[in-house]
Every structure is written in C-alpha cells, then in structure tokens.
Amino acid sequence: MLRRKKSANPFRYFNSSPEIIRLVVMMYVRFPLSLRNVEDLLFERGIDVCHETVRLWWNRFGPMFAADIRRQRVSRMKGFRHWRWHLDEVFVKINGETHYLWRAVDQEGEFLESYVTKKMDKKPALKFLRNALKQHAGGSYSPRMCTCTS
C-alpha cells in the first residue's frame, strides 16, 4: 500500500495567506500588544481577524517562526570567529530542597542549555558542558571561549 507524501506546507488548512499569518504572529510577538490590540490594528488595515484567531495562530505557528529565526541567526553568525559562551551556576530551591542550576548562554543572549543537580561537583559540571557542546556546538558555532561565573 502506497502512502501519499504529506505536504510540507504548514498553512495548508488555513484560508488566510501565509503572509498575513506571519504578520499577525510577528506583530503579537515583537511588540507589547494584546490579542485585541493586534485585532484592532489589523482591522484598521482592512484585515478582519478575531483575537481568538490571533491566539490560535500564535500557538500554532509561533514555535515554527521562532525556530526559523534561531536557525537564520546561527547561520549568519557562523562566520563570526570569536564565538563566546557564558556558563552560570546558581543555587535554587525546588520543593524546599537546595539544588544547583547550571545555565549556558551564547554571546547574543540566546539561552542554550540548563541542567539541575543536587550536588556541586566536577562530574555534573562536565556532564552539563559535554551535553551543551554536543547539542549546540558544530563546526564554527563551537565556542572559542567559555566564561564561567560562580
């Protein structure tokens, strides 16, 4: 039995054009506007969209647009020679118990990875760093310098 290949178009079930959907989602994400404010701004431009439709599109397409933006940002920064990561460790209380939180952020402020442990040892720190490098470092995106604060 042959299966049909699914269409790669994520907008296939929506009557609005992809440009309008992208405009609506980016307006809501980029500017400090409520759903109803986005609805009003679009109505002034001649686009009649309900605020619930804005919310639906934001939930459906927001992660996809964020991944595209992140991918484009990384591809633009691949030629940057001095890529730098900042590692941070913090004590946090989870359910009344003290834990140790490791975070990794790149030079653009993009959150890369986090890791929570109960102990402040060398072994969990190295495990966190290995996982972060394996998941996020590749080619010229690997950091030239890691700044660790304590």
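The values are calculated or read from the model by the stated rules, or taken from the named source; none is laboratory data. If you're wondering where the values come from, they're calculated on a predicted model, not measured in any experiment. For neighbour counting, all protein chains shown are included, and Cβ atoms are generated from backbone atoms with ideal geometry for every residue, glycine included.
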What single numbered condition from (1) without any contact (Cβ under 8 Å) to a residue 12 or more places away in the chain; (2) more than 21 Å from Cys148 (Cα to Cα) fails to hold for Phe65?
(1)
I'd like the residue in the range 11-28 that is within 14 Å of Trp58 (Cβ to Cβ) and part of a loop (DSSP other than H, G, I, E, B) and, out of all such residues, is modelled with the lowest pLDDT.
Phe14
Quick check on the range 82-121: of everything there that is surrounded by 16 or more Cβ atoms within 10 Å (Cβ to Cβ) and of a type in the set (A, V, I, L, M), which residue is farthest from the chain's Cα centre (by Cα)?
Leu87
I'm checking my understanding of the structure. Among residues of the range 62-79 that are loosely packed, with under 14 Cβ neighbours inside 10 Å and among the hydrophobic types (A, V, I, L, M, F, W, C), which one is modelled with the highest pLDDT?
Met64
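Name the single residue that is surrounded by the fewest Cβ atoms within 10 Å (Cβ to Cβ) among those in the range 43-61 being in a helix (DSSP H, G or I) and over 26 Å from the mean Cα position of the chain (by Cα).
Filtering the range 43-61 for residues in a helix (DSSP H, G or I) gives 43-44, 51-61.
Imposing the further condition that a residue be over 26 Å from the mean Cα position of the chain (by Cα) reduces the set to 43-44.
Details: Phe43: 11, Glu44: 8.
Looking at the filtered set, the residue picked out is Glu44.
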Do any strands (runs of 3 or more DSSP E) lying entirely in the range 80-150 carry at least 2 residues that are modelled with pLDDT of 80 or more and more than 18 Å from Arg70 (Cα to Cα), and which ones are they?
84-94, 97-106, 111-117
